[in-house]
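The values are calculated or read from the model by the stated rules, or taken from the named source; none is laboratory data. Every value quoted in this text rests on a predicted model; they were computed, and no experiment measured them. Quick reminder, even Gly has a Cβ in these numbers, built from the backbone with ideal geometry, and neighbours come from all protein chains shown. Areas reflect the complete protein model, heavy atoms only, side chains present, ligands, DNA and RNA absent. Shrake-Rupley method; radii C 1.70, N 1.55, O 1.52, S 1.80 Å.
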Amino acid sequence: MRIGPYPIEPRVVLAPMAGVTDKPFRVLCKRLGAGLAVSEMTHSDPKLWHTRKSRLRMDHSGEPEPISVQIAGTEPEQLANAARHNVEQGAQIIDINMGCPAKKVCNAWAGSALMRNEALVGRILDAVVRAVEVPVTLKIRTGWARAHRNGLAIARIAEAAGIQALAVHGRTREDLYQGEAEYALIAEIKSELRIPVLANGDITGPEKAAAVLRETGADAVMIDRAAQGRPWIFREIAHFLATGQRLPEPGLSEVRDILLGHLDALYAFYGEEQGLRIARKHLGWYAKDVEGGDSFRALVNAATTAEAQTALARDWFAAREAGLTLDRAA
């Protein structure tokens, strides 16, 4: 699979997720096997580009290529300018958000709300594709509502506008993240297009990824929530797709090293105070479904410094390896 000049190998991609796919997480997922990692969305309004949050979201120094940046908004020319600005900041692929179902995004008629206005979708895509020399991709849902599954119509508009890859989440905006993802419309979209199509939604492991690729004929899978606390899912899926065999689960010591490295990257990127806060949600995801996870989460969340948070995490793993429990700070 290629997006413009860039080979995407393996064909397992980290989906853009607001508040999750920051640079530390993207770099980690790429190191653990993601063929591409898309940034959390950046706003198209230039008044917001110089806030600390936006500056951090546009920081791609040292990030493995290709660098894919998602932009969000509603005005064609504003989105075109945002694309140019992000390319100047290092973006090598521009992704347009028409898939986010969040109220605060859709209430501004951005994200998946744009799918209600196919003429505006066309104007946005034309403007952004004309604005930059790099490949432009698009992320959508199957439709605005269950009664209005117009994903195929949007996909045709996208291909005609010069979009070079399309990611489709197998739910409508109305579904949010409820129920099970449907793949039939993704398969229909893939059968009608010549550009690469990425299937997204409820892909939780290697077997499911292989099944979704078979069912949809898609060129790649896009992983979202299943990567939270399990960034090694990318190498697991890639290995299964290549060999038909499952990799063994990472051992306790490897999980410890991945987690501690992630913490260090968060502190370095955000600074101690913000990094400490952001680390808490990631620690909670790492602890999910792990024996003793509740005690681990309570322990590390009580830390008030990066040094203490790291030490508590390291001590918890050491206790686990020794067959002991560590349920309170020393």
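Report yes if D264 is part of a helix (DSSP H, G or I) and either modelled with pLDDT of 95 or more or under 18 Å from the mean Cα position of the chain (by Cα) (or both), otherwise no. If you could, list the steps in order and put the result at the bottom.
On the way: part of a helix (DSSP H, G or I): yes; either modelled with pLDDT of 95 or more or under 18 Å from the mean Cα position of the chain (by Cα) (or both): yes.
Yes: the conditions hold for D264.
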Kindly establish whether F317 is under 25 Å from I203 (Cα atoms), of a type in the set (A, V, I, L, M, F, W, C) and touching a helix residue (DSSP H, G or I) at 6+ places or on another chain (Cβ under 6 Å).
no
Among the numbered criteria (1) surrounded by fewer than 19 Cβ atoms within 10 Å (Cβ to Cβ); (2) within 22 Å of the chain's Cα centre (by Cα), which single criterion is violated by A302?
(2)
Exactly one condition in (1) assigned to a helix (DSSP H, G or I); (2) of a type outside the set (K, R); (3) closer than 26 Å to A37 by Cβ; (4) open to solvent by 10 Å² or more (accessible area, probe 1.4 Å) is not met by A158; state its number.
(4)
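Yes/no matrix, rows are residues, columns are (1) in contact with a helix residue (DSSP H, G or I) (Cβ under 7 Å, 6 or more places away or on another chain); (2) open to solvent by 30 Å² or more (accessible area, probe 1.4 Å); (3) modelled with pLDDT of 95 or more:
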residue: A83; (1), (2), (3): yes, no, yes
residue: N86; (1), (2), (3): no, no, yes
residue: N107; (1), (2), (3): no, yes, no
residue: R116; (1), (2), (3): no, yes, no
residue: A119; (1), (2), (3): no, yes, yes
residue: R123; (1), (2), (3): yes, yes, yes
residue: V132; (1), (2), (3): yes, no, yes
residue: P135; (1), (2), (3): no, no, yes
Restricting the search to the range 271-287, which residues are open to solvent by 10 Å² or more (accessible area, probe 1.4 Å) and either more than 19 Å from L28 (Cα to Cα) or part of a helix (DSSP H, G or I) (or both)?
E272, E273, Q274, L276, R277, I278, R280, K281, G284, W285, Y286
Report yes if R328 is over 24 Å from V20 (Cα atoms), out of contact with any Asp or Glu (no Cβ under 6 Å at 6 or more places or on another chain), modelled with pLDDT under 95 and surrounded by fewer than 18 Cβ atoms within 10 Å (Cβ to Cβ), otherwise no.
yes
Go through (1) closer than 30 Å to E9 by Cβ; (2) out of contact with any helix residue (DSSP H, G or I) (no Cβ under 8 Å at 6 or more places or on another chain); (3) part of a loop (DSSP other than H, G, I, E, B) for G323 and report which single condition fails.
(1)
